[in-house]
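Novice: Let me begin by handing over the structure; questions about it come next.
Coordinate-derived values only; no laboratory data. Just so you know, these numbers come straight off a predicted model, no measurement behind them. In this analysis, Cβ positions are derived from the backbone assuming ideal geometry, glycine residues included, and neighbour counts consider all displayed protein chains.
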């Protein structure tokens, strides 16, 4: 671990960003060039004290998870992310295993979406980042760990996960979940995290095992869907998906037709926030 280089790199990248680059309001006149330390810490979901110690060369070696959070918070490109890992004493993540790092292009779009639900997913339906509207609609996804980070895994192991869809649409959704996983499995291979998901779900859920044998493959999202919010009821939304070039990540944006009851429900979500609406997060594969 090169503490001096790490501290200097974090400081320079922080100073190079403006609040509007990361979806924050410019606010009043700022004495600090770029972002404040507490703003980076908040974006990276870590304590300000720990981040400050990193910049002051006083912190212990950061974990790979912390580095991934910092790379996302500082909007690092792939080369910058790899450099961050190396000066922190870690191997740079392989391209396909680096899905914890949100694609910068998708993140820039997400930063500008604050009036409609939007989130970035991996090809295993893991939520990498979500805006406040998405958290209000689906719940906070940040607490999931292990295989449960994948909405595909939760769909077949947690019955409550299915409540986000009307009952009549759940069979189609099951097929879509499996077809999306098979597309990721074909890209990543048998020994990947996708392969681990497949082997686990084949043993854990009979429905999954039967659907897996159909060999359906798809990497698509329905254009229109109905979701069920625990407080506001059914909401009809249009679903737009923007993929990275390698198809490993997707920016999902959900909108409602203006001047409709569904549009008004989204406006209510904006004011109510995520608290109290869902005990567990539910991530859509449209």
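Novice: Relative to the longest principal axis of the chain, what angle (0 to 90°, nearest 10) does the C-alpha long axis of helix 78-87 take?
Specialist: Value to nearest ten degrees: 60.
Novice: Please work out whether segment 178-222 counts as rounded, prolate or oblate from its C-alpha gyration tensor, where a ≥ b ≥ c are the square roots of the eigenvalues and a/c under 1.5 means rounded, while otherwise a/b larger than b/c means prolate and anything else oblate?
Specialist: Oblate, since a/c reaches 1.5 and b/c is not below a/b.
Novice: With an 8 Å cut-off on Cα pairs and a minimum separation of 6 or more residues, tell me the relative contact order of the chain in percent.
Specialist: Relative contact order for the chain comes out at 19 percent.
Novice: Based on the Cβ-Cβ distance from residue 218 to residue 16, what FRET efficiency comes out when R0 is 45 Å, to the nearest 0.05?
Specialist: 0.65
Novice: On a 0 to 90° scale, report how tilted helix 193-204 is relative to the longest principal axis of the chain, with both axes built from alpha carbons and the result rounded to the nearest 10.
Specialist: Once rounded, the angle reads 40 degrees.
Novice: At 222 nm, what value in deg cm²/dmol follows for the chain if DSSP H runs of at least 4 each add -39500 (n - 2.57) and the sum is divided by all its residues, to the nearest 500?
Specialist: -12500 deg cm²/dmol
Novice: For residue 260 and residue 191 in the same chain, what is the full-extension length gain: residue separation times 0.36 nm, less their Cα-Cα distance, in nm?
Specialist: 20.1 nm
Novice: Ok, one more. Just for the Cα atoms in segment 3-87, what are the lengths along the principal axes, largest first, rounded to whole Å?
Specialist: Cα extents, longest axis first: 35, 26, 20 Å.
Novice: Kindly express, to the nearest 10 degrees and within the range 0 to 90, the angle between helix 64-73's C-alpha long axis and the longest C-alpha principal axis of the chain.
Specialist: 90
Novice: Continuing with this model, one more query. How large is the convex hull of the C-alpha atoms of the chain per residue, in Å³?
Specialist: Measuring per residue, one finds 135 Å³ for the Cα hull of the chain.
Novice: With each pseudo-label sitting 7 Å past Cα toward Cβ, what's the residue 31-residue 241 distance in nm, one decimal?
Specialist: According to this spin-label approximation, the distance is 4.9 nm.
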